[in-house]
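Chemist: Here it is, the structure in full.
The values are calculated or read from the model by the stated rules, or taken from the named source; none is laboratory data. Predicted model, so just to flag it, every value in this text is computed and none were measured. These accessible areas exclude ligands, DNA and RNA; they are computed on the full protein's heavy atoms, side chains included. Shrake-Rupley method; radii C 1.70, N 1.55, O 1.52, S 1.80 Å.
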Amino acid sequence: MVAFLKYSLIRLALFAPLFVLFLYLGLGAVMSVICAAGIAFAVSYLFFQQQRDDATAAMRRRFTGKAQPLRTAGEVDDAQAEDALVDSNPDVTIRTDAKPASPKPASPAPTEPKGTTS
């Protein structure tokens, strides 16, 4: 994932100054975006092949299932404990999509009836 971030930052570093330059030259916002994106793409495609290949390989690993899980060890332990609970107790239902129950609002304090004096 570091390779993808690195390649993205290279492309952004190419795009941003070109965009500002084209705005300064008076091309307009839309035309500046189009020209800056085209030139940034061409330069990164021609001169940053190794970084592009590394980014592509990192994305391929992430989406083909060969990447390491993004969960921490504690999260993995919790998931395994939950799975064991469900397996040992088939009548238990775990609903993670439900909103937690909100506490009941406190009842207002009783007030004295109007018109009575002490």
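Chemist: Within the stretch 85-96, is there a residue that is at pLDDT below 80, hydroxyl-bearing (S, T, Y) and more than 32 Å from the chain's Cα centre (by Cα)?
Modeler: Within the stretch 85-96 (the criterion being at pLDDT below 80, hydroxyl-bearing (S, T, Y) and more than 32 Å from the chain's Cα centre (by Cα)), the answer is no, since none of the residues qualifies.
Chemist: Suppose we keep only residues that are open to solvent by 100 Å² or more (accessible area, probe 1.4 Å) and within 19 Å of K6 (Cα to Cα) within the stretch 30-50. Which one would you say is nearest to the chain's Cα centre (by Cα)?
Modeler: Checked the stretch 30-50; the qualifying residue nearest to the chain's Cα centre (by Cα) is F41.
Chemist: Something else now. Restricting attention to the stretch 1-35, which residues are modelled with pLDDT under 95 and of a type in the set (V, I, T)?
Modeler: V2, I10
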